[in-house]
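We did not get these values from a lab; they are worked out from the coordinates using the rules stated. Values in this document were obtained by computation on a predicted structure and should not be read as measured data. Positions of Cβ are generated from backbone atoms using ideal geometry, with glycine treated the same way; all protein chains shown enter the neighbour counts.
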Amino acid sequence: MGMKKRRVPFRNSVFLTAKNALKKHRITDLKEGAKLALVAARAAVKNVGGRRNVRRPRIIPLPKSGGFLPFLIPLFAGLSALGGLAGGAAGIAQAVNKAKSAQKELDETQRHNKTMEAIALGKKGDGLYLKPYRKGMGLFFEKQKNF
């Protein structure tokens, strides 16, 4: 009975050997780099004692990229900017509406004051009548008697 050989993980034996060979030679050509990595990987498998002694992973780890989460950051940034613009526009519209209503109120107050002054001074008739009672039974101001 022979001794059972220990199995070596793929990452420690084959992958890291090929990676280190690529770093050592600093090859920029893709084809040359693939050849060099393949030669280094075959040599690493041979050193371990064959393919049977290399323990391959069930899942090969791949770097994650993409997905919808990176898309959400600019989306929310755009929405917040849009909300800020809408809030600013709403504030401007509100200020314009307030200015218009204040101007209308000022005009109405001035008109009312002129009418009241004219009635009080007696320039416009003898009194202030309410609409249904144009002839009598209205509000009257007594004319001042000069002493």
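Some observations on this one:
- When the P(r) is computed for region 8-55, the part past 12 Å accounts for 57% of the Cα-Cα pairs.
- Selection of trypsin sites (Lys or Arg not before Pro), region 43-81, meeting DSSP coil and at most 13 other Cβ within 10 Å: R58, K64
- The 3J(HN,Hα) values that the Karplus relation (6.51, -1.76, 1.60; θ = phi - 60°) gives for region 17-30 are, in residue order, 5, 5, 5, 5, 5, 5, 5, 5, 8, 6, 8, 9, 7, 5 Hz. Gly and Pro appear as x.
- Distance distribution note for region 1-82: the fraction of Cα pairs above 16 angstrom is 67%.
- Region 8-55, relative contact order [Cα under 8 Å, separation at least 6], %: 55
- Across region 70-85, computed HN-Hα scalar couplings (Karplus, 6.51 cos²θ - 1.76 cosθ + 1.60, θ = phi - 60°) run x, 6, 5, 4, x, 5, 5, 5, x, 5, 5, 5, 5, x, x, 5 Hz from first to last residue, x flagging Gly and Pro.
- Between V54 and V8, the built amide H atoms are under 5 Å apart, and every one of these is 5 or more places off in sequence or on another chain.
- Entries in K24/K46; K19/K64; K35/K64 that, when Cα-Cα distance is taken, lie over 23 Å: K35/K64
- 3J(HN,Hα) along region 54-64, derived from phi through the Karplus expression 6.51 cos²θ - 1.76 cosθ + 1.60 where θ = phi - 60°, amounts to 9, 8, 8, x, 6, 10, 8, x, 10, x, 7 Hz, with x in place of Gly and Pro.
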